[in-house]
Amino acid sequence: MNADYISLKKEFAMYLGRPITSNFFNKCRNSDKWMRVYTSLSTAKSFEILFKAIQCGIPENNNCKLCKRQQLFLTLVKLSHNPTDIDLAFRFDIRESTISWYFHSWIDCIYYKLKTHVLIWPLLYQLHVAMPMCFRRHYPNTVSIMDCFETQIQIPHDRNDQAATYSTYKSRNTVKYLISATPNGTINFISKGYAGRKSDQFIVRHSGYIENLKPGDEVLADKGFEVAEEIGLRGAKLTTPAFKRSAQLTQLETEISRQVSNVRIHIEREIGCMRMKFDIMRGPVIMSNLNTFQDNVCFYDKIVAVCCILSNLNPSIIPFE
């Protein structure tokens, strides 16, 4: 999969500097290959399903040079390859200011139309229907594999903001997110962004993640997530690789740690796959995208959530067997 996407990214780069005409969009619209190259959606049909699900969220405007499908296509190209607005303006033959308007409008549309319908927390019995065998054998009550990831941001001007966002782990200023996926690879939770200095435990406790857990649920995480007590209060269980309490782990602890690591790695693959498909998640994030407005949600939080939504529209990266 990695090699395929690297190849597709190279093909996209070959088209840099070439204007995108409406005829070209029509060619992409009917091609699974070119949809993957430009939008990271797996098929052209996925694009149509997405468009039909959200098009009513954008008002009709006869003065727009691009039709609604082209506007959505432009937005997905921005997410997937993160070209500059001036580059997109040239390639779509429209004004640079119009690029920003299209992008913000469609990100808002996808976020508000689909977030509560696609990033959902299923019940355990629903997960059992399609639970991969590697989970059925050892962790059949798993509802969530959680992890945190960080994205570099521009260095803030304010010194207090610089200190708050500086990540000692990444040695740079970052915004940090808590993400969760179900055993079959569907993303079921994404937090808002937190300053890079915040600990994983702080984010788990304050993001609303724990409130989704039900009695009997099991959560898999890395050993750095020391939130077993808080999760236990919900009647759920946190499973992590074993800590070294002595010079060497026991044979049982080693085997348990191996089993946990083998299934927990899927969330790391999910994060890596999203970053590979959506260049905009690699950063650096411009400071204006971290501002909050009337809806009290910063624009980059919406971008990250939309990338998660689009990931869920693609086939799972976790094999069933």
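Every read-out reported here was derived from the displayed coordinates using simple, explicitly stated rules and does not represent laboratory data. Keep in mind that this is a model prediction, so the values were computed, not measured. As a convention, Cβ positions derive from the backbone with ideal geometry for all residues, glycine included, and neighbour counts pool all protein chains shown.
Observations
- Comparing V263, V204, L220 along the charge dipole axis of the range 124-313, the residue lying farthest to the positive side is V263, per the Cβ-charge model.
- The range 175-321 shape via C-alpha gyration tensor axes, a/c threshold 1.5: prolate
- Going by neighbour counts of Cβ atoms within 10 Å, the residues Y38, Y166, Y125, Y112 line up, fewest first, as Y125, Y112, Y166, Y38.
- Assigned charges on the beta-carbon of Lys, Arg, Asp, Glu; the range 124-313 dipole about Cα centre (debye): 320
- Residues whose amide H comes within less than 5 Å of that of L238, counting only those at least five positions distant or on another chain, are V219 (H built at 1.01 Å from N in the peptide plane).
- 222 nm mean residue ellipticity, helices alone, for the chain (DSSP H n ≥ 4; -39,500 (n - 2.57); rounded to 500): -15000 deg cm²/dmol
- Phi angles across the range 53-65 convert, under the Karplus curve 6.51 cos²θ - 1.76 cosθ + 1.60 with θ = phi - 60°, into 3J(HN,Hα) values of 6, 10, 4, 5, x, 10, x, 5, 8, 5, 7, 6, 6 Hz, Gly and Pro given as x.
- Near R172, the amide H atoms lying under 5 Å from its own belong to S167; only residues 5 or more places off or on other chains count, and H is placed 1.01 Å from N.
- Net charge dipole size for the chain [Lys, Arg +1 and Asp, Glu -1 on Cβ; Debye, nearest 20]: 560
- Considering only the chain, percent of DSSP beta bridges that pair antiparallel, nearest 5: 70
- Between the range 75-132 and the range 187-202, the alpha-carbon center distance in angstrom: 20
- Ordering V306, V129, V263, V297 from the fewest to the most neighbouring beta carbons within 10 Å gives V129, V297, V263, V306.
- Residues R258, R91, R197, R36 in ascending order of nearby Cβ atoms (within 10 Å, fewest first): R258, R197, R91, R36.
- Which label in [x] 20.9, 71; [y] 26.1, 82; [z] 22.5, 67 gives the computed Rg and Dmax of the Cα atoms in Å: [x]
- The residue among V77, N26, Y102 whose Cα reaches farthest toward the positive pole of the charge dipole of the chain, with charges on the beta-carbon of Lys, Arg, Asp and Glu, is N26.
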